[in-house]
Every structure is written in C-alpha cells, then in structure tokens.
Amino acid sequence: MSKKDIRSLSLDQIKNFFLENSFNEYRGDQVYSWLWEKSAINFQQMTNLPKSIRSILEDSFVINHIKLHTIQKSKDGTIKNGIKLFDDLIVESVLIPTKKRITACISSQVGCSLNCKFCATSKLKRIRNLNVDEIFDQVKIIGDQSKIVCNRPLSNIVFMGMGEPLMNYNNVIKAIEIITSKSGLGMSPKRITLSTVGIPKIIKKMADEKVKFKLAISLHSAIQSIRESIMPFSNKFNLIELEESLLYWFNLIKKKITIEYIVWNGINDKESDILALIEFCNKIPSKVNLIEYNPIGDSSFKKANRKVIDEYQLKLRNANIVSTIRRSRGIDIDAACGQLANKS
Ligand code: SF4
C-alpha cells in the first residue's frame, strides 16, 4: 500500500498519530513546523526529533514535493515555471516582477473543466485538483526564486494561474490559511487575490467564512448573452445571481471587488458593452481592471483597438468608477493571463 503524504494531515491528526504511537503530542507541533514553516523535504532534516521517531515517520509517510521542471524567462523579467507534481503531471506558476511588487501567479488545478473560449488552459481537460501542499509549494518556490533572481521578497499572490480556484475550494482555502499563518509563510492575506469566474454559492460561503483576502471576478461582459458565448458555464450562474453574491460579499467583507475585463474586437467593444459594465459597477462597489488580450492562437479573439480601451476608461471615469489598464507581462513566453497551457 502506498504511504500517505504527511502534509495531507492537519496538526491535530499529526498529534493523534504521535499519541497513538505512545509519544508526547508536542512531537506533532515539531513535525508540523518542519513541514510548513521550514519546508523540510525529508524526515532526516527534522533534527530535533530522535532518530527512532524519524524512522517511524519514514515507515509511515512520505513528503511529496513539487519540483521545478522548466524555467522560461521573458525579456520583461517575468519567469514562467513548469512545475512537476508527484505523479508527473505538470502545472505552471509565474513570477511577475514590477517596480513596486513581486507577484506569484499560482495554479489551483491541473487543467480546467470550465470552457472559457479565450483561455489556453481550457484546451487542457481537467485532470485533478491540486493538493494543499502543491498550492503552498508553488508560493514557496516563487518566494525563493524572487529572493535569488530579483533580490526582493515575494509581495503578492494571485490565484489566476491554471484552473478555477473555487472548483478546488477546500484545498485553496486551506493552502491560504497555511500561507498566511505564523506556522507557515506568515504572508498578509491583504496581499492575496483570489480570481474567479464567479460561482455565486461559493462567493457567499467565503463571505460567511469572513475570509481576509481580496476577490477578483473575471467578468469580460456584463451582458448575459455575450458572457455566455465566451464563458459557456455562465448559463448556470447568471449575472443577476453573480451580482447578488458580490453584494453579499461586499456587505460582509467590506472590500471593493476587482472586475477583470478583457476587451476584444467585435465581441465587447460597443457602446452598449461599456454602458452595461457601468451599470454593473454602479451596483457593486468595485474597480475595473481592463486587461490587454494575450493571443492564444484562436483567430476568433482579437485584441481590441487601443482607442476602444481608452474609450472604456474615459466612460468609466466619467461614471466615477476607478479603472486601470493592465499591460500584459510575459507574452513572449506564453506566461500572460489566459496563456498558461503547458507549452514549455
Ligand atoms: S479562464 Fe480560468 S476558469 Fe476559464 S478556462 Fe481558463 S483557467 Fe478555467
């Protein structure tokens, strides 16, 4: 029988393991600290444990670790990492350096079951959800990379890589808990943004749980029929339900929601599209991130003319809605938003 990954156990479960084996439960605290705070990759590193305990752990468990498989560097400094998981599957995570911050873009699933037409990841079928430790390790690897390559610590995390984080809700939330806890990486939740296509029921659940990270919604159209044509799953979660869940979130969490919005030629570049977005934002306390489209080799999606994006920004400003234009990073290595597809 294959051994269990010890990092799939909670602190209480590890303590119980020690109690059941007639050891003091504080051994559980020591092991937990080695696993998450010190990122031990084998039991022999746990030098404050007697050799006999290390051997019992070795006989009972494994520590699965992700491995850096490929590294691609963009001319703008962005680094795309191909990450090999314990079962040889590959996901991608990206380090994005700017003057002000260093951001890790993290994956939550191998492939994706949602079929957003403009996204390269949608071409890979969903194989499985990432485990808590696989999400955590991506942050750890990029944090180390940031110190070595950029001489600065990692400052922000976005769940915007491969997969829909809310379709792997429990593991993503547990990973964020460890990333932000003192016995993990101790990062501030204010520096973490979870980006989702918007699953109303789970948005409300997160609000009820009073999560402390930020929320971004990949909206891309505030007109139901257009949104459905580019994000087909949205026929199950319509814009009215989405709006309602975002208001619920805001009322409990009191943080503005970021609306992610790509403008495409001939799809959402009309006056009616801008007005629909303004109407949406007037109902939800939010700010808009207008994103440059990154080609994925599908000719039905073409980047909108810059004039149209400027027009969006002007009209949003006139309606007192804050917006920014996000320039793409790492396009030359297919590391930009929506381009992750294990092509390296
Ligand atoms: S945009 Fe996100 S949810 Fe949609 S297919 Fe791509 S990875 Fe999945």
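The values are calculated or read from the model by the stated rules, or taken from the named source; none is laboratory data. Since this is a predicted model, take the numbers as computed values, not measurements. As a convention, Cβ positions derive from the backbone with ideal geometry for all residues, glycine included, and neighbour counts pool all protein chains shown. When the accessible area is computed, the model is the full protein with side chains, heavy atoms only, and any ligands, DNA or RNA have been set aside. Shrake-Rupley method; radii C 1.70, N 1.55, O 1.52, S 1.80 Å.
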Exercise. Put +1 on the Cβ of every Lys and Arg and -1 on every Asp and Glu Cβ in the chain; which of Asn282, Ala120, Ile102 then has its Cα farthest towards the positive end of the dipole?
Worked result: Ile102
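For the chain, go through all pairs of different Cα atoms, get the mean of 1/r, take its inverse, and jot down that Kirkwood value in Å.
Numbers: mean 1/r = 0.0469 Å⁻¹.
After inverting the pairwise mean of 1/r, the radius is 21.3 Å.
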For this session: Might you work out the accessible area of Ile41 for me, using a 1.4 Å probe with all protein chains in place, and round it to the nearest 10 Å²?
Result: 100
Exercise. Starting at 0 and stepping by 5 Å, how many percent of the alpha carbon pairs of region 220-296 end up in each bin?
Worked result: 3, 15, 24, 26, 20, 9, 3, 1
Exercise. By how many degrees, 0 to 90 and rounded to 10, does the Cα axis of helix 11-20 deviate from the longest principal axis of the chain?
Worked result: 20
Exercise. Quick one: ranking Val149, Val139 by accessible area, 1.4 Å probe, largest first, what do you get?
Worked result: Val149, Val139
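How much accessible area per residue does the chain have, counting only protein heavy atoms and a probe of 1.4 Å, in square angstrom?
Dividing the accessible area of the chain by its residue count gives 46 Å².
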For this session: Compute the FRET efficiency between Lys99 and Ile240 as 1/(1 + (r/R0)^6), taking r as their Cβ-Cβ distance and R0 = 41 Å, and round to the nearest 0.05.
Result: 0.55
Seminar exercise, completed: Note, region 231-240: 3J(HN,Hα) by Karplus (6.51, -1.76, 1.60, θ = phi - 60°), whole Hz, Gly/Pro = x, goes 10, x, 4, 5, 5, 7, 10, 6, 5, 5
Exercise. Per-residue ellipticity at 222 nm for the chain, helices alone: DSSP H runs ≥ 4 residues times -39500 (n - 2.57), over residue total, nearest 500 deg cm²/dmol?
Worked result: -9500 deg cm²/dmol
Problem set entry | For Gly330, residues with placed amide H under 5 Å, excluding near neighbours | Asp76, Thr78
For this session: Before anything else, pin down the relative contact order of the chain: Cα pairs under 8 Å, at least 6 apart, normalised by residue count, whole percent.
Result: 15
For this session: Calculate, in nm to one decimal, what Asp88 and Gln30 gain on full extension: separation in residues at 0.36 nm each, minus their alpha carbon distance.
Result: 17.9 nm
Problem set entry | Share, in percent, of DSSP beta bridges within the chain that are antiparallel, nearest 5 | 45
For this session: Measure nothing but the geometry: give the 0 to 90° angle between the long axis through the Cα atoms of 271-283 and the longest principal axis through the Cα atoms of the chain, rounded to 10°.
Result: 50
Problem set entry | Net charge of neighbours whose Cβ lies under 12 Å from the Cβ of Ser328, counting Lys and Arg as +1 and Asp and Glu as -1 | 0
Exercise. Which shape class, rounded, prolate or oblate, goes with region 65-135 when its Cα gyration tensor gives a ≥ b ≥ c as root eigenvalues, a/c under 1.5 marks rounded, and past that a/b bigger than b/c marks prolate?
Worked result: oblate
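Could you calculate the contour length gain from Lys270 to Ser52, that is, 0.36 nm times the residue separation minus the distance between their Cα atoms, to one decimal place in nm?
Values: separation 218, 0.36 × 218 = 78.48 nm, distance 6.98 nm.
Result for the pair: 71.5 nm of gain on full extension.
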For this session: Taking the chain as the reference, fit the longest principal axis to its C-alpha atoms, fit the long axis of helix 306-318 to the helix C-alpha atoms, and give the angle between the two in degrees, 0 to 90, nearest 10.
Result: 90
Problem set entry | Charge dipole magnitude, Cβ of K and R +1, D and E -1 - the chain, Cα centre, debye nearest 20 | 920
Exercise. Hey, how many Å between the Cα centroid of region 1-64 and the Cα centroid of region 145-216?
Worked result: 26
Seminar exercise, completed: Counting Lys and Arg as +1 and Asp and Glu as -1 over every other residue whose Cβ sits under 13 Å from the Cβ of Asn129, the net charge comes to -1
Exercise. What is the calculated FRET efficiency for Asp144 to Ser60, with r their C-beta to C-beta distance and R₀ = 45 Å, to the nearest 0.05?
Worked result: 0.95
